[in-house]
Amino acid sequence: MFMVFQEATLPKLSQTSLYIKFNESNNLTAEVVAEINQANRYAVSPETLSEIISLMKLNGDPIVKKAVKAYQDGDIIILDNRETSKIPPSLPYIVLSQKGEPKAYIFANTIVNKITSPHEYTSLMATLEAAYLALMLYKKPDKFVLNRQLLLTLCDAYTRMTVAPLENKLYMKGENLTKATLYTIAYFYKIIDAKELSHRSIPYKKFITEKIDESLFEQIVNDVNNMPDSSFMSYLDLIIKINPVRYKDLKTMYMTHFVSTCGTSLVFALENLGYLFLLITSANYKTPVTSYNINRYVGINVKKALTMMASINF
């Protein structure tokens, strides 16, 4: 029987520009719906993963235990379709709702070769934990968005991730790198708050060691406020403006640089907080779901972010 699913209202992954592009070229939404409509055939039961669950409970952080319970309660569904799945590696999980009942769906075949293998359980554990946090973000967004100290830590991880391809592949440095970092910080808060920003309300000095003239950041925030939309490509237009000659090909090359620097599974994290959690959890467990270099690069604040989220009363 065909069933209609509605995506969770927050985060609106399907409304991001990156998802729309994927959907236009790969019919992503149709593939997701088709996969979920076959859940009875491809769903993996907690009994099948009893050994893996034991490893998770033994070696995972406190959030993993909550994620495991959500899986056992049916709020998270793990699908493993190696036969016909067309879900790309960029979508290891998604939060959807049917009749107002939100659930997180994990497409296990995008992240592990054998779901019952104890050698790959950390990848599944990181994805389960990230999917659980994305589910909680939908259910209780204020627990995240109003926790400005948590957002500060998440912004640091987001900025490191987003700027890494610019630094590692374009060899951006000095004043140009500082400006790119400031644009990224402002863009992150634009994604989160979805309103006109004030340069005084964004704690940019927490991220920049150099002394920055406040008027520079004010101009950067104004640029972000005046973006034609909140798409990542519009953000890249601002980065190109830093040096229009040197960075003229950035819009065609950034995604290639990003995938090689950070990993395919993090593409949607560029516009979606629910996917940034995967960077946090994967870096924590040092999994191959995300690249080794980005895991190491963001590692400083990962434990801090997870500790803060573990203390939230979901």
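The numbers here are math on the coordinates, done by the rules we state, and not lab data. Everything quoted here is computed from the prediction, not taken from an experiment. FYI the Cβ positions are ideal-geometry reconstructions off the backbone, even for glycines, and counts take in every protein chain you see.
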| request: Considering only residues that are closer than 19 Å to Met253 by Cβ and hydroxyl-bearing (Ser, Thr, Tyr), look in segment 132-180 and name the one that is surrounded by the fewest Cβ atoms within 10 Å (Cβ to Cβ). | output: Tyr171
| remark: Every listed condition ((1) within 15 Å of the chain's Cα centre (by Cα); (2) surrounded by fewer than 23 Cβ atoms within 10 Å (Cβ to Cβ); (3) closer than 18 Å to Met125 by Cβ) holds for Lys286 save (1)
| said: Tell me the residue from Thr127, Thr181, Thr209 that is more than 20 Å from Met309 (Cβ to Cβ) and in contact with a helix residue (DSSP H, G or I) (Cβ under 8 Å, 6 or more places away or on another chain), please. | reply: Thr181
| request: For segment 67-85, name all the residues that are part of a loop (DSSP other than H, G, I, E, B) and within 22 Å of Asn272 (Cα to Cα). | output: Asp75
| message | I need the full set of residues from segment 86-119 which are part of a loop (DSSP other than H, G, I, E, B) and either closer than 19 Å to Cys262 by Cα or touching a strand residue (DSSP E or B) at 6+ places or on another chain (Cβ under 8 Å) (or both), in order please. | response | Ile87, Pro88, Pro89, Ser90, Leu91, Pro92, Ile111, Val112, Ile115
| remark: The condition from (1) small (Gly, Ala, Ser); (2) over 24 Å from Asn26 (Cβ atoms); (3) in contact with a strand residue (DSSP E or B) (Cβ under 6 Å, 6 or more places away or on another chain) that Gly74 misses is numbered (3)
